[in-house]
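The values are calculated or read from the model by the stated rules, or taken from the named source; none is laboratory data. These figures come from a predicted structure and were not determined experimentally. Quick reminder, even Gly has a Cβ in these numbers, built from the backbone with ideal geometry, and neighbours come from all protein chains shown.
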Amino acid sequence: MGAGARAGRLGVENFVYDSKIFGESWEERKARIQSESPMGKLPGWDLFSVIVKTNDDLRQEVFTMQLIHKLKSIFEFEAPHLWLRTYRIVATGANIGLLETITDACSLDHLKKTFPGGNLADYFRSVYGSDTLSSEFIAAQRRFIESMAAYSIVSYVLLLKDRHNGNILLSSEGRVIHIDFGFILGIAPGGMFSVEDAPFKLTKEMVDVMGGLGSHGYKHFRNCLYEGFVVLQKYHSEIAALLQTTGQHSPFPCFHGAKLARVITNLRTRLCVGLSRRDIRHRVDQLIRKSYNAWGTRQYDSFQLRSNNIHP
């Protein structure tokens, strides 16, 4: 266990909290603020962390979160190891709203700027120990892999774009969390000139955390993708119905200039409708090959580094 790391919360297997990266935990901060608040002893006292976002129409993000929540509920029922994190979004006007912040997490960009060397696999080893066969490391690695698989499926099915490292978080438990869903279902930064052409973001560093290509962790990631697509195939009609209902005469940018029937047909294709189990396995392998260390992903990360100082 590295310096600044300590045993973490109950209910999470071999959890280590790294205060050097994540700072004061939300549990500690909440207790501190409650003790300092004149209303802290009142029944029902609680604390929520939100940000106010202006000059942005959050209604499409609310819709996207509804879709992710649907996928999350399917996974929880059919394949609970495929982990997703939803958060609350309230659009209070046409261009303003509130977003729940993800506590006890930081962006990969922040981690890379804060952790010496900025390498994701090195970070895991520094926190959970250099012995990659230890129970602490294996548990954290497994949480990373299973959340990576779930969000990779979401990214592909919903065509999530703008996946730079400011929009991908790492929780203090080692799980990946995606945020900011302004670009979905075919719209992307740069429009028709977008270089984000990979099915999902899968960098060499991410695979290194799994143990590298061909490792047990990598094979587990591949199997999780397969399980996820098999499960979602069963529920394709329910998922498509959400798009059908919302997409009719929708003001959302993701439906502008697109025929709804075509959007839903393409969604069903990504949900592997009509494919056999063998075909789904083949599709998963194709998606991984197209995503791993993809040229477009590296180019977009390079652009974000130069233009916004977001580290790849």
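Quick check on segment 217-229. Is at least one of its residues under 22 Å from F137 (Cβ atoms) and among the small types (G, A, S)?
Scanning segment 217-229, I find at least one residue that is under 22 Å from F137 (Cβ atoms) and among the small types (G, A, S), so the answer is yes.
Which one is farthest from L120 (Cα to Cα) among residues in segment 191-209 that are among the small types (G, A, S) and touching a residue at least 12 places away in the same chain (Cβ under 8 Å)?
The qualifying residue farthest from L120 (Cα to Cα) is S194.
Sort through G186, G166, G182, G174 and tell me the only one that's at positive phi, surrounded by fewer than 21 Cβ atoms within 10 Å (Cβ to Cβ) and in a loop (DSSP other than H, G, I, E, B).
G186
Based on this model, can you work out whether V263 counts as of a type in the set (A, V, I, L, M, F, W, C) and either touching a Cys at 6+ places or on another chain (Cβ under 6 Å) or farther than 23 Å from W83 by Cα (or both)?
So V263 fits the description; yes.
For segment 193-220, which residues satisfy the criterion of being hydrophobic (A, V, I, L, M, F, W, C), out of contact with any strand residue (DSSP E or B) (no Cβ under 9 Å at 6 or more places or on another chain) and within 26 Å of V273 (Cβ to Cβ)?
Result: F200, single match.
Select from segment 109-130 the residues that are surrounded by 16 or more Cβ atoms within 10 Å (Cβ to Cβ) and farther than 16 Å from K20 by Cβ and list them in ascending order.
Scanning segment 109-130 gives D109, A121.
Please enumerate the residues belonging to segment 254-282 that are surrounded by 17 or more Cβ atoms within 10 Å (Cβ to Cβ) and under 30 Å from G166 (Cβ atoms).
C254, F255, V263, L267, R270, L271
Just checking, does segment 52-71 include any residue being within 22 Å of T246 (Cβ to Cβ), assigned to a loop (DSSP other than H, G, I, E, B), among the aliphatic types (A, V, I, L, M) and in contact (Cβ under 8 Å) with a residue 12 or more places away in the chain?
Taking every residue of segment 52-71 in turn, at least one turns out to be within 22 Å of T246 (Cβ to Cβ), assigned to a loop (DSSP other than H, G, I, E, B), among the aliphatic types (A, V, I, L, M) and in contact (Cβ under 8 Å) with a residue 12 or more places away in the chain.
On the given criteria, is R9 modelled with pLDDT under 95, out of contact with any strand residue (DSSP E or B) (no Cβ under 7 Å at 6 or more places or on another chain) and under 26 Å from L133 (Cα atoms)?
yes
Could you list all residues from segment 285-307 that are surrounded by fewer than 16 Cβ atoms within 10 Å (Cβ to Cβ) and of a type in the set (S, T, N, Q)?
Q286, N293, Q299, S302, S307
Looking at (1) part of a helix (DSSP H, G or I); (2) in contact (Cβ under 8 Å) with a residue 12 or more places away in the chain; (3) of a type outside the set (D, E); (4) surrounded by 16 or more Cβ atoms within 10 Å (Cβ to Cβ), find the lone condition where Q244 falls short.
(4)
Between a first residue in segment 94-118 that is over 25 Å from E27 (Cα atoms) and touching a residue at least 24 places away in the same chain (Cβ under 8 Å) and a second residue that is assigned to a helix (DSSP H, G or I) and not small (G, A, S), which pairs have beta carbons less than 7 Å apart while being 6 or more apart in sequence or on different chains?
G118/K112
I need a count of the residues in segment 87-143 that are closer than 15 Å to S172 by Cα, part of a loop (DSSP other than H, G, I, E, B) and polar (S, T, N, Q).
The number of residues fulfilling the criteria is 2.
Kindly indicate whether L232 is at pLDDT 95 or above, closer than 30 Å to L133 by Cβ and hydrophobic (A, V, I, L, M, F, W, C).
For L232, the condition - at pLDDT 95 or above, closer than 30 Å to L133 by Cβ and hydrophobic (A, V, I, L, M, F, W, C) - is not met.
For segment 124-141, give me each residue that is without any contact (Cβ under 8 Å) to a residue 24 or more places away in the chain and either under 20 Å from the mean Cα position of the chain (by Cα) or closer than 29 Å to Y300 by Cα (or both).
R125
State whether the residues of segment 41-51 include one that is among the aliphatic types (A, V, I, L, M) and within 21 Å of the chain's Cα centre (by Cα).
yes
Which one of these is among the basic types (K, R) and either touching a His at 6+ places or on another chain (Cβ under 6 Å) or modelled with pLDDT of 90 or more (or both): K20, K72?
Going through K20, K72 in turn, just one is among the basic types (K, R) and either touching a His at 6+ places or on another chain (Cβ under 6 Å) or modelled with pLDDT of 90 or more (or both): K72.
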